[in-house]
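Contents: one structure, followed by commentary.
Read-outs throughout are calculated quantities, based only on the coordinates presented, and are distinct from any laboratory measurement. If you're wondering where the values come from, they're calculated on a predicted model, not measured in any experiment. All Cβ positions, even for glycine, are placed from backbone atoms using ideal geometry, and neighbour counts span all protein chains on display.
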Amino acid sequence: MVSGTISRIFSDQVLAYLRTLDEEVSDDLLPEPGETVQYLEEGSYLYLSDFYQFLNRVETLTGNPDFGWDIYKDFDFRNMGIMGYAIVNSTRLKDAISVTCDYVQLVQSHTEVFLRPSLHHPDCMDLCYRVNSEGLASTHDTHMSLGFFIRLIQYLCNPDWSPVLIGLTHSERKQGISEKTQSLLLAEQPFNFVTIENHILEAQIAASDQRLYDIMCSNLNEKIDQQSETLSFFQELEDVIFQLLSDEECGIDKAAQQMCMSRRTLQRRLADHDVSFSYLVDNVRRHFACQLLHEASISMIDIALTLGYSELAVFNRAFKRWHGITPTQYRELFFPK
């Protein structure tokens, strides 16, 4: 099991969308996106599990199960910073899409975005999307991501464009989604995707700037190298902690041994990012508790034991401290019978 991370760019855009629904709404009444990932760029990233819970709360707040398709209707891609400026200054649409494919890990880890020849239409390509984080899934995230691709093409090339075909890994509300996107839809696919005509991919972007594009891509290459190393270290450590949780020796010495380094080296690596080992243990428990609760076949006591709690009552208190509700209430809220 691994924990994914996602840029706050996307939760900020969801909050901006909510404000358009009610300009009088107070920020105090808007849902909280989640806890910041401490070991990445300060204040800029969330855990995917928190983000997915945030999206569930947005559905409850709006009463709209398909809100994800509307999030990017007025999105300015320059709000994405360096990556956004690389996108809008690409020469062709295909180059702009390549930026999203090559640098997606900068905004969302454990995620695949790629182009492939369409399996259903000649002279077309499928722009595919899938999150590879075991135990996590979100139809809202899927809808947002495909809506992001659609908005990208409309923003750069043709405001009236719609996909030749949309593919989804789920089969929920197919008819409504087809009508909303004005596209044919295939459900239960291995990947989520939008199908794009080849001539659209080759379209020139009028406002492109090759010099600025090259500068932005150079900066992106440097940034992804730095961030990949940090992500790799901490997510390996989080996985080690998860494996040790049910062991009475889930301490820093045992974790350092599993990471093939000394206790002092591990403490120094954590201190470099102002993160304590106890914070990581608590955060791994918080994160994986939600993933395990997604599995209806796993009992509450088994989840508590897996996370290293000797009693269900202790797990219940910890979960309520994290999320304000009990594990049972969480299951009933997000996975009603």
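The table below gives the values:
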{"item": "Relative packing of peptides 46-58, 226-238 - highest average C-beta neighbours within 10 Å first", "result": "46-58, 226-238"}
{"item": "Rg/Rh for the chain, where both radii come from Cα atoms and Rh is the Kirkwood radius", "result": "0.98"}
{"item": "Between 0 and 90°, nearest 10: helix 210-244 axis offset from the chain longest Cα axis", "result": "30 degrees"}
{"item": "With eigenvalues of the C-alpha gyration tensor scaled by 5 and rooted, region 143-214, Å", "result": "27, 12, 10"}
{"item": "T195, T5, T36 arranged by Cβ crowding within 10 Å, fewest neighbours leading", "result": "T36, T195, T5"}
{"item": "For region 35-122, average projected area of the Cα convex hull in nm²", "result": "8.1 nm²"}
{"item": "Cβ-based exposure ranking for H199, H140, in which fewest neighbours within 10 Å come first", "result": "H199, H140"}
{"item": "Crossing angle, helix 263-272 versus the chain [Cα axis fit, 0-90 degrees, rounded to tens]", "result": "40 degrees"}
{"item": "Binned Cα-Cα distances of region 108-163, short to long, each 10 Å bin given as a whole percent", "result": "20, 46, 29, 4"}
{"item": "Net charge of Cβ neighbours under 15 Å - reference H143; Lys, Arg +1; Asp, Glu -1", "result": "0"}
{"item": "Percentage relative contact order, the chain, counting C-alpha pairs under 8 Å, at least six apart", "result": "17 percent"}
{"item": "Calculated P(r) of region 226-333 - Cα pairs past 24 Å, %", "result": "29 percent"}
{"item": "The chain: angle of helix 8-21 to the longest principal axis, Cα-based, in degrees nearest 10", "result": "70 degrees"}
{"item": "Fewest-first ranking of E188, E197, using other Cβ atoms within 10 Å as the exposure measure", "result": "E188, E197"}
{"item": "FRET efficiency for I301 and M261, using Cβ-Cβ distance with R0 set to 30 Å, rounded to 0.05", "result": "0.30"}
